[in-house]
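The next block holds one structure in the form of structure tokens; read it before the comments.
What follows is calculated from the coordinates using simple rules that are stated; it is not laboratory data. Please read these numbers as outputs of a predicted model, since none were measured by experiment. Here the Cβ positions follow ideal geometry from the backbone for every residue, glycine too, while neighbour counts run over all protein chains shown.
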Number of protein chains: 4
Amino acid sequence: MQLSPEQIAEIDTQRNHPQTTLRATVPGMETHLYKVHEVLDHGFIRIIDYMGDDAAICQAARVSYGKGTKSVQNDEGLIRYLMRHWHSTPFEMCEIKLHVKLPVFVARQWIRHRTANVNEYSARYSILDREFYIPEPEALAAQSVVNNQGRGTTLEGVEAARVLEILKADSNRSYDHYEEMISDDGQSGLARELARMNLPANIYTQWYWKVDLHNLFHFLRLRADNHAQYEIRVYADMICKLVKDWVPAAYGAFEDYRLGGATMSGKALKCVRRMLKGEDVTQETSGMSKGEWREFKEIIG
Amino acid sequence: MQLSPEQIAEIDTQRNHPQTTLRATVPGMETHLYKVHEVLDHGFIRIIDYMGDDAAICQAARVSYGKGTKSVQNDEGLIRYLMRHWHSTPFEMCEIKLHVKLPVFVARQWIRHRTANVNEYSARYSILDREFYIPEPEALAAQSVVNNQGRGTTLEGVEAARVLEILKADSNRSYDHYEEMISDDGQSGLARELARMNLPANIYTQWYWKVDLHNLFHFLRLRADNHAQYEIRVYADMICKLVKDWVPAAYGAFEDYRLGGATMSGKALKCVRRMLKGEDVTQETSGMSKGEWREFKEIIG
Amino acid sequence: MQLSPEQIAEIDTQRNHPQTTLRATVPGMETHLYKVHEVLDHGFIRIIDYMGDDAAICQAARVSYGKGTKSVQNDEGLIRYLMRHWHSTPFEMCEIKLHVKLPVFVARQWIRHRTANVNEYSARYSILDREFYIPEPEALAAQSVVNNQGRGTTLEGVEAARVLEILKADSNRSYDHYEEMISDDGQSGLARELARMNLPANIYTQWYWKVDLHNLFHFLRLRADNHAQYEIRVYADMICKLVKDWVPAAYGAFEDYRLGGATMSGKALKCVRRMLKGEDVTQETSGMSKGEWREFKEIIG
Amino acid sequence: MQLSPEQIAEIDTQRNHPQTTLRATVPGMETHLYKVHEVLDHGFIRIIDYMGDDAAICQAARVSYGKGTKSVQNDEGLIRYLMRHWHSTPFEMCEIKLHVKLPVFVARQWIRHRTANVNEYSARYSILDREFYIPEPEALAAQSVVNNQGRGTTLEGVEAARVLEILKADSNRSYDHYEEMISDDGQSGLARELARMNLPANIYTQWYWKVDLHNLFHFLRLRADNHAQYEIRVYADMICKLVKDWVPAAYGAFEDYRLGGATMSGKALKCVRRMLKGEDVTQETSGMSKGEWREFKEIIG
């Protein structure tokens, strides 16, 4: 991930003009603003703006005239209560705006989270850069044989090398042809909106993405999860770190109740109760399918 | 609209703690923050927070590393272009959070705008105040005889007086009974969630309301319109004033293309073309219904 | 709940014109269509239309050309898998449209579920009927002393009688005054949009409400819950019965994983694991607050 | 666009099982159900289900017990009124579900319309087919020199041939490599979620897409427009034809007020009024920018 001198200058200009505000302000987030947090080989996450803090969640929950807070400890208790009882609207009172650079196939998963605002770099209007995601060798995994949509073991030497070779060569050839087609050197030059169709899904795109904290937590719960594809999970993991600096109490509650928690079915709860009474419960006597039982055993460790 | 000394103190506390930020900041909005902007007899609008400014709209539209702006004039041209061509996503990059106090029947219209975040004062949990909307005599209008959902002429002396008398007496009696029912003085006290059902729709409620600029403009177009009920229109008008101080270029474009503009049907456009060629077009030869023709004539003056 | 002869005739007309369709059709739902399912004293739920069935969920999940189903058993397994792993989009492929009559204070809670389509009876345009919700004596509960937003014990004789007396008298007086104000007998008649403000929150309103199955399940999880106010819970309970006849496999999965299930925090899971190993865990050694511990004990029975 | 015998059999099975329903049914739509409507070289649109008809729009607008309609003519007038005055909720009471096959770069534009339900064919789980969009020579246009995001003149012989050659060769090579990488013949086989990143944006994907009529009209207004990219416009045009057979009155109103209509700014309306009074207005005296003036002249013919 290399920024051009112009881009670095643009970022510096923004960081060098502090202003005075009466709005809720989080010093921890101010240090992150506009900076590049690198993800994958050419991607990044930059925080462009944020609204609200932990206190703003409580302020809205209490519909207060002022800060709506009595003490930090008191606020944390309320936030944990709200999270535990699935109160979503107070968390919607915080908002964050990110600038993200990411491969197109990651963007296609990301955009499925509809309750957010997006402005993507337009390949109808502008020319895309020659930047493609080429995985690290450790990230080259075989198709899983137990989970139909997941990854299995890491590819070994020759096969890994061949895959990387293909990805690099095809990316570059596609881009060479993209450039050839749009070139107006001695020809008309194909429309950009058409030429882009030759570019593969590992090319990088960029967007501004704005979302409220409730919907961001929903995104993170699904995408910072082990079942999520590695290439989107690294973005979710990075956002988790940044959110922790923004709303530490809300993030703590999220971590405990969502990321670290688990939902048990009525059947599973019955089994827990029987087991706590000393009964030896097996898959056969649990009423659960094999898949559910396997997942249940993982949860209760 | 009377704030208690505690409420005034809470607001003052918030206004007396300026902080330093790198975020987009609008001096004109900072002067409004937290202050009470009175609407109707007991209602108000308070700006609690805002995200973005005119430049942030352009920054997102251009997916920029920095401010994304070349000049203020240049930005205004882009904003007008975006508004004219119904580009909604750049306007979604600005967000505003309001604290609103409003009669319940106004709240019921307002909430129909779904793309917003709301935390309302809970009458299950808390006790509502004795505050009811009693219209000014000038606002007491008869049912319109031309428009089925609108108002006609203002009510005259005796009838107006009787209406006001009824509204005041019923409001107070309802609230007396509300208090009696929830009182735990020598009795158990009815649950608040039940007792509130006795309160009429002119009682005031409060909420925190957060919305992006695109959806706010949509709200304002419908609610700052002549066809909107007066009691919600005064809130919309007040918000218009505040938005003008927040994002003057975007508001200017909104005023020209939405508030001050009009949509013409294909039939209407054909008529305009015929009329510009000197033809004398009548309702009969226009292809429009009487209602459409009346509205068309109003538009072309 | 009394329908007028005209309303009965309208319903009969619709039920007497079966047509032929190639769309997914559920015989169990056809028997419910348009009929009145009574809720509270004057309310109801009527099914106006539905789209999809259990098979349609699988068909979409598999992006099939045909029914997309191999066997009913196979479909049920897939549906349970989708529910367990929080796949929401296949459930969004089913849609239901209801006509609901409900007290205004229930409507105000209901409308907070934003991801639905609503057309409400307009009190700006039309005159509301003289129909008010008056609770059964058993539903008259005192304010809870343990749960700030809930109900406690049922009110006793004299107090209950007095409350009912107040509600009935105030409802009728308000409606009498509403009629007086809008009357154009010898006067202009106050605009309906103004007169309605005198009506209390226990008056009935009506709306058409259309929602997809995923969002309906979300609504039902929150509103068919013990913590929901009784007056909205009876509507949710009735909808549960109807949905069970519509998509039995999806409803079964919902009942097991959502209604009958529970979410455990990371802390709670650790306690379960310790307890299953024979350790005696108390609130003090659990790391949970008193409130969390109480809820945890309820879950594990 | 070639369906396999299995796919044809699946479609036939669905079309051969008519059932009886009491729901609103549209004979014109029944003839379309499940059939393939071809778009581009390998794409299609298939109607999977629909809810409601023209009468259902009026029924909801009137919150009726029965059909809510007095006469077809009466309904059409109401529908035109609702469309003219931007009443969106009655149109939301109709819903349609489509199965669409489309190139990925078209899907990426389409998905930006967020208020819809989508289930896309999963390339993490399944293997994509070797089907790529290769434009007809007439569709190969040069980058526009007046409109930065549009197309200009059609490419001529040699250049067109070379572009087609590149697109075909690169598509096939990418797919050959995709197959090589995922093959488990003598190797582990790269995970599908990784291998897909080598595939270009002209590969076809498929999804189930469900949307209400209001949001569909919004989609069609933007995508059946001259400024939309040709490859998505042909899908929008096809949907327009199908919607016309579904809700002819609503489509008629949409065609007149949205597709065939235009929004004029306050400035533009002032010009029209001056011109109708005989004044000779030029860009200089109009108060509009050059771009606005050019668009204005197009509108008034």
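Annotation for residue D:81, label-to-label distances across the other copies: 4.2, 4.9, 5.2 nm (shortest first, one decimal, point 7 Å from Cα along Cα→Cβ). Taken along its principal axes, the alpha carbon cloud of chain C reaches lengths of 81, 59, 29 Å, longest axis first. Springs between Cα atoms under 10 Å define the GNM used for chain C, and in it the highest mean-square fluctuation of C:216, C:269, C:194 occurs at C:269. Karplus-derived 3J(HN,Hα) values for region D:243-256, using 6.51 cos²θ - 1.76 cosθ + 1.60 with θ = phi - 60°, are 5, 4, 7, 8, 10, x, 5, 5, 5, x, 5, 4, 4, 6 Hz; glycine and proline are entered as x. For the protein assembly as shown, pairs of C-alpha atoms spaced more than 51 angstrom apart make up 26 percent of the total.
Each part reduced to its alpha carbon centroid, region C:39-67 and region D:80-134 end up 20 Å apart. In nanometres and ascending order, the distances from the residue D:227 label point to those of the other copies are 2.4, 4.2, 4.7 (point 7 Å from Cα along Cα→Cβ).
For B:188, C:171, the sequence from fewest to most other C-beta atoms within 10 Å is B:188, C:171. Projecting the alpha carbon convex hull of region B:134-200 along each direction and taking the average yields 6.0 nm². Calculated from the alpha-carbon coordinates, region D:1-134 shows an Rg and a Dmax of 18.6, 53 Å respectively. Farthest toward the positive end of the dipole of region B:134-200, out of B:171, B:183, B:160, is the Cα of B:160, where the dipole comes from beta carbon charges about the Cα centre.
Other residues within the sphere of radius under 10 Å centred on the Cβ of residue D:191, judged by their own Cβ, net out at +3 (K and R +1, D and E -1). Taken residue by residue and averaged, Cβ atoms of other chains lying within 10 Å of the Cβ of A:30-40 number 1.
Look at the dipole of region C:194-283 built from charges on Cβ: of C:249, C:201, C:259, the Cα furthest out on the positive end belongs to C:259.
Across peptide A:3-10, the average count of Cβ atoms from other chains found within 10 Å of a residue's Cβ is 2.
Distances from residue D:136 to itself in the other copies, using label points 7 Å out along the Cα-Cβ axis, amount to 5.0, 6.4, 6.8 nm in increasing order. Kirkwood analysis of the Cα pair distances in region A:165-301 returns a hydrodynamic radius of 19.9 Å. Dividing the summed helix terms, -39500 (n - 2.57) for each DSSP H run of n ≥ 4, by the number of residues in the protein assembly as shown produces a 222 nm estimate of -13000 deg cm²/dmol to the nearest 500. Note on B:295-301: average number of Cβ atoms from other chains within 10 Å of each residue's Cβ is 3.
This model, with +1 at the C-beta of Lys and Arg and -1 at the C-beta of Asp and Glu, gives region A:1-90 a dipole about its Cα centre of some 580 debye. All other residues whose Cβ lies under 9 angstrom from that of residue C:23 are scored, Lys and Arg at +1 and Asp and Glu at -1, for a net of -1.
Each principal axis of the Cα cloud of region C:12-76 was taken in turn, and the coordinate range along them, longest first, works out to 44, 28, 17 Å. Charge dipole of region D:136-201 (Cα centre as origin; +1 on each Lys and Arg Cβ, -1 on each Asp and Glu Cβ, all else neutral): 280 debye, rounded to the nearest 20. Neighbours of residue B:151, meaning other residues whose beta-carbon lies under 15 angstrom from its beta-carbon, give a summed charge of -4 when Lys and Arg score +1 and Asp and Glu score -1. For the pair residue C:176 and residue C:73 in one chain, pulling the backbone fully straight at 0.36 nm per residue adds 31.2 nm over the alpha carbon distance. Here the Gaussian network model covers chain B, with springs between Cα atoms less than 10 Å apart; of B:253, B:268, B:161, B:268 fluctuates the most.
Before anything else, pin down the relative contact order of chain D: Cα pairs under 8 Å, at least 6 apart, normalised by residue count, whole percent. Relative contact order for chain D comes out at 21 percent.
Over region D:68-166, the pair-distance histogram of Cα-Cα distances with 5 Å bins from zero comes to 2, 8, 11, 13, 12, 11, 12, 12, 8, 7, 3, 1, 0 percent, rounded to whole numbers. For the protein assembly as shown, a simple Cβ point-charge model (Lys and Arg +1, Asp and Glu -1, everything else neutral) yields a dipole of about 0 debye relative to the Cα centre. Each residue, residue C:299 and residue D:285, gets one label point 7 Å from its Cα in the Cβ direction; the gap between the two is 7.6 nm.
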